[in-house]
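> This is the structure, below, for whatever I ask next.
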Amino acid sequence: MSALLNLERVSKRFGYRTILDNISFSLEAGEFLMLIGNNGAGKSTLLRIVSSLMRPTKGKIHFRGTNQREKLREWLQIMGSITHENRLYGDLSSIDNLRLYGTLYGVEELKSKIDEILTKIDLTHVAQLPVRNFSSGMTKRLMIGRLMLCQPEILILDEPYTGLDQNSFRWFQEFLREFHLQGGTVLMVTHQLELGLKLATRVMVLHRQTIRHDISAAGLSMEQCSAWLEE
């Protein structure tokens, strides 16, 4: 059986600047891959390419054995992401944002699920306010709520813990754990090494635009990950 995702010698350049250099790896269904690296290593660019928000300069990406672009609609239907761009509609309320995305994804019993999710992410008290008035933490919680509502098969997460308070850390960590236990696949960039290692099955280190380490997370310590980042 082919991998869920397969990257072959993917590179990205902006002018004369190389952002990613010959990145190759496979991601199997049900894996939880934590991607770490120092600032400027190319992590966010890699996630944007995998998410199909950006095209590589060269290289190939296959989704279930076929060129990702040829199955783009299927890919977008099963993929949920958190990136540095929230892709929420600022003039709409939390309820209207969730109603819009839920309708696009064909979510059944939409009203009751939206009510349930707003309670989980603690936004019921501001459910009718325009999202443009939200703090960064509230915006992040609504982005997570969108994932909960649309129920994707694979999550592409770029620093998802940023902006969350300690209480939000706990319920979001539990959401990720449950998502993975139910067979979901995760590719996550994070500097929260301790939290990431509690969930990850595999760790990949991006260093100077290329993969330096790719190893099972079993028995891997936060100290070892930190040491790799200091190399």
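> Which condition number does Tyr16 fail, the rest of (1) modelled with pLDDT of 95 or more; (2) more than 17 Å from Arg64 (Cβ to Cβ); (3) open to solvent by 50 Å² or more (accessible area, probe 1.4 Å) being met?
(1)
> Let me ask something additional. Exactly one of these conditions fails for Asn39: (1) open to solvent by 80 Å² or more (accessible area, probe 1.4 Å); (2) assigned to a helix (DSSP H, G or I); (3) within 24 Å of Val205 (Cβ to Cβ). Give me its number.
(2)
> Please specify each residue of the stretch 75-108 satisfying the condition of being more than 17 Å from Met138 (Cα to Cα) and aromatic (Phe, Trp, Tyr).
Passing the criteria: Trp75, Tyr101, Tyr105.
> Another question, if that's okay. When you go through (1) closer than 26 Å to Ser52 by Cβ; (2) basic (Lys, Arg); (3) without any contact (Cβ under 8 Å) to a residue 24 or more places away in the chain one by one for Arg170, which number turns out not to apply?
The single condition Arg170 does not satisfy is (1).
> While we're here: Would you check which residues across the stretch 90-109 are open to solvent by 30 Å² or more (accessible area, probe 1.4 Å), of a type outside the set (Val, Ile, Thr) and within 20 Å of Leu76 (Cα to Cα) and list them?
Once the filter is applied, which keeps residues that are open to solvent by 30 Å² or more (accessible area, probe 1.4 Å), of a type outside the set (Val, Ile, Thr) and within 20 Å of Leu76 (Cα to Cα), the stretch 90-109 yields Arg99, Leu100, Tyr101, Leu104, Tyr105, Gly106, Glu108.
> Here is a further query. Could you list, in sequence order, the residues of the stretch 19-30 that are surrounded by 21 or more Cβ atoms within 10 Å (Cβ to Cβ) and charged (D, E, K, R)?
If the condition is that a residue be surrounded by 21 or more Cβ atoms within 10 Å (Cβ to Cβ) and charged (D, E, K, R), then no residue fits.
> From Arg55, Arg9, Arg69, grab the single residue that is of a type in the set (D, E, K, R) and either assigned to a helix (DSSP H, G or I) or open to solvent by less than 10 Å² (accessible area, probe 1.4 Å) (or both).
Details: Arg55 fails: either assigned to a helix (DSSP H, G or I) or open to solvent by less than 10 Å² (accessible area, probe 1.4 Å) (or both); Arg9 fails: either assigned to a helix (DSSP H, G or I) or open to solvent by less than 10 Å² (accessible area, probe 1.4 Å) (or both).
So the residue among Arg55, Arg9, Arg69 that is of a type in the set (D, E, K, R) and either assigned to a helix (DSSP H, G or I) or open to solvent by less than 10 Å² (accessible area, probe 1.4 Å) (or both) is Arg69.
> Residue by residue through the stretch 110-136, note down the ones that are surrounded by 14 or more Cβ atoms within 10 Å (Cβ to Cβ) and small (Gly, Ala, Ser).
Answer for the stretch 110-136, where residues must be surrounded by 14 or more Cβ atoms within 10 Å (Cβ to Cβ) and small (Gly, Ala, Ser): just Ala127.
> If you don't mind, there's one more thing I want to ask. Suppose the filter is within 14 Å of Asn6 (Cβ to Cβ), among the hydrophobic types (A, V, I, L, M, F, W, C) and open to solvent by 10 Å² or more (accessible area, probe 1.4 Å); does Phe63 pass it? Write out each step before concluding.
Values: within 14 Å of Asn6 (Cβ to Cβ): yes; among the hydrophobic types (A, V, I, L, M, F, W, C): yes; open to solvent by 10 Å² or more (accessible area, probe 1.4 Å): no.
Answer is no for this residue.
> Of the residues Arg208, Arg212, Arg177, which is within 28 Å of Glu223 (Cβ to Cβ) and at pLDDT 95 or above?
Arg177
The values are calculated or read from the model by the stated rules, or taken from the named source; none is laboratory data. Nothing here was measured: the structure is a model prediction, and the numbers come from that model. Please note: Cβ atoms are built from the backbone with ideal geometry, for glycine as well, and neighbour counts cover all protein chains shown. Keep in mind that these areas ignore ligands, DNA and RNA; they rest on the heavy atoms of the full protein, side chains included. Shrake-Rupley method; radii C 1.70, N 1.55, O 1.52, S 1.80 Å.
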